[in-house]
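Readers should treat all values here as calculations from the given coordinates under stated rules, not as data from a laboratory. Computed from a prediction, not measured in an experiment: that's the story for all the values here. Cβ placement follows ideal geometry from the backbone for every residue including glycine, while neighbour counts extend to all protein chains displayed.
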Amino acid sequence: MSPLILDGKVASAALLEFLKPLVETLDPKLVVVQVGNDPASASYIKQKVKSCDTVGMRHEHRHLDEGISLEELMEVIDGLNNDEDVTGFFVQLPLPAHLESHAPDIIKAINPMKDIDGFGAYNLGKVFLSKEFEHLPPATPSGIIRLLEHFDIEIAGKHAVVVGRSNTVGKPVSIMLLNRNATVTICHSKTKDLEDQIRKGDIVIAAVGRPKMITADMVKEGAVVVDVGIHSTDDGLCGDTDFDALKLKVSAISPVPGGVGPMTVASLIRNCVTAKERQMAIR
């Protein structure tokens, strides 16, 4: 039997359609801050702007010179923090080399109420409290959860194995799964018997950053696999899993591209809507 394909284009379209009337009522504004001309960043921003247009959300692209100083970038962030017309914004990563080591300080400088990427310590910390406090969660973990929910994948009571422990994906998605009553194992480069750990997973989240690292023999029959990775190879784009081999064994799997990527963008739009709701409640 063919597996269920966890199509992020379908799930994200449904989420964006749900958000349309909210956007019309609330009239939020999203600002993208880009420093330099990284080609991958330009592609990601194009996708985000397209989703804004899909739901009718106001948006602005602040494209800053690659040589901008930290002080000048902080002034831009401060201006956005204090602009009441700006609902939410994010600084597109990666940054140029002279700014990359300052990324934590740059993220910290963003007002938590406008932190629609959900990377700041305040919003990450709220994710750890409970499902009810996931107001502005990181977009990719939030997208993973929404992808599973859209296709009615049961999370409660399942054993979820997350391969990867990054602050942007691995750690927060582990907590969000735990918030939904999964039993969670987090694996990483120092995990002993990695393959045995992955085989225990009813749900496997592959966020390790290595092309086709997770093979069919590492996943149990009937598992659900969500592939977060995306890599450009001589054979085209691929994820962290061997999709072609796994689809003969699993019950459901997300494709690359077209799986988690569209959900990340849609979740960013949803965070901007949530931010506007919360800001209006405070005002």
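Taking a ≥ b ≥ c as the square roots of the eigenvalues of the Cα gyration tensor of the range 58-184, is the shape rounded (a/c under 1.5), prolate (a/b larger than b/c) or oblate?
Working: a/c = 2.52, a/b = 2.01, b/c = 1.25.
Since a/c reaches 1.5 and a/b is larger than b/c, the shape of the range 58-184 is classed as prolate.
3J(HN,Hα) couplings calculated from phi for the range 267-283 with the Karplus curve 6.51 cos²θ - 1.76 cosθ + 1.60 (θ = phi - 60°) are, in sequence order, 5, 5, 5, 4, 4, 5, 5, 4, 4, 5, 4, 6, 5, 5, 5, 6, 5 Hz; Gly and Pro show x.
Mind scanning LYS50/LYS126; LYS46/LYS200; LYS9/LYS192; LYS48/LYS249; LYS29/LYS171; LYS108/LYS200 and naming the pairs with a C-alpha gap bigger than 31 Å? Exceeds cut-off: LYS46/LYS200; LYS9/LYS192; LYS48/LYS249; LYS108/LYS200. Beta-bridge orientation, the chain: approximately 10 percent antiparallel, per DSSP, counting only bridges with both partners inside.
Which shape class, rounded, prolate or oblate, goes with the range 138-260 when its Cα gyration tensor gives a ≥ b ≥ c as root eigenvalues, a/c under 1.5 marks rounded, and past that a/b bigger than b/c marks prolate? Rounded, since a/c falls under 1.5. Put simply, the amide H of CYS187, placed in the peptide plane, has neighbours under 5 Å in VAL162, VAL163, GLY164, leaving out anything fewer than 5 places away on its chain.
Within the listed set PRO28, PRO39, PRO94, the residue fluctuating most in the Gaussian network model of the chain (springs between alpha-carbon atoms under 10 angstrom) is PRO39.
Please give the calculated 222 nm ellipticity per residue for the chain, where each DSSP H segment of at least 4 residues contributes -39500 (n - 2.57) and the sum is spread over every residue; nearest 500 deg cm²/dmol?
About -13000 deg cm²/dmol.
Mind listing the long-range amide H neighbours of LEU4? Cut-off is under 5 Å, sequence gap 5 or more, other chains count too, H placed in the peptide plane at 1.01 Å from N. Amide H neighbours of LEU4, under 5 Å, 5+ apart: ALA252, ILE253.
With +1 on the Cβ of every Lys and Arg and -1 on the Cβ of every Asp and Glu, and nothing else charged, how large is the dipole of the range 64-152 about its Cα centre, in debye rounded to the nearest 20?
Working: 5 positive and 17 negative charges, 104 e Å.
Computed about the Cα centre, the dipole is about 500 debye.
Residues whose amide H lies under 5 Å from that of LYS220, counting only those 5 or more places away or on a different chain, are GLY201; hydrogens are built 1.01 Å from N in the peptide plane. Taking the longest Cα principal axis of the chain as reference, the axis of helix 39-55 is set at about 80 degrees. Working note: Karplus 6.51/-1.76/1.60 with θ = phi - 60° gives the range 154-171 the couplings 5, 9, 4, x, 8, 8, 9, 10, 9, 9, x, 10, 5, 6, 8, 10, x, 5 Hz, where Gly and Pro are set to x.
Based on the alpha-carbon gyration tensor of the range 1-113 and its eigenvalue square roots a ≥ b ≥ c, which shape applies: rounded if a/c is under 1.5, prolate if not and a/b is larger than b/c, or oblate?
It is oblate, given that a/c is not under 1.5 and a/b is not larger than b/c.
Each Cα pair under 8 Å and six or more residues apart adds its sequence gap; the mean of these over the residue count of the range 162-213 is a relative contact order of 48 percent.
The range 170-192 and the range 35-112 have Cα centres separated by 29 Å.
Restricting to the range 165-252, what percent of DSSP beta bridges are antiparallel, rounded to 5?
Beta bridges within the range 165-252, antiparallel portion: roughly 35 percent.
Of the residues SER267, CYS187, HIS61, the one whose Cα sits farthest toward the positive end of the charge dipole of the chain, with +1 on the Cβ of Lys and Arg and -1 on the Cβ of Asp and Glu, is CYS187.
Of the residues HIS59, HIS98, HIS135, the one that moves most in a GNM of the chain with alpha-carbon contacts below 10 Å is HIS98.
Of all the options ALA160, ALA11, ALA40, the one that moves most in a Gaussian network model of the chain with Cα springs shorter than 10 angstrom is ALA40.
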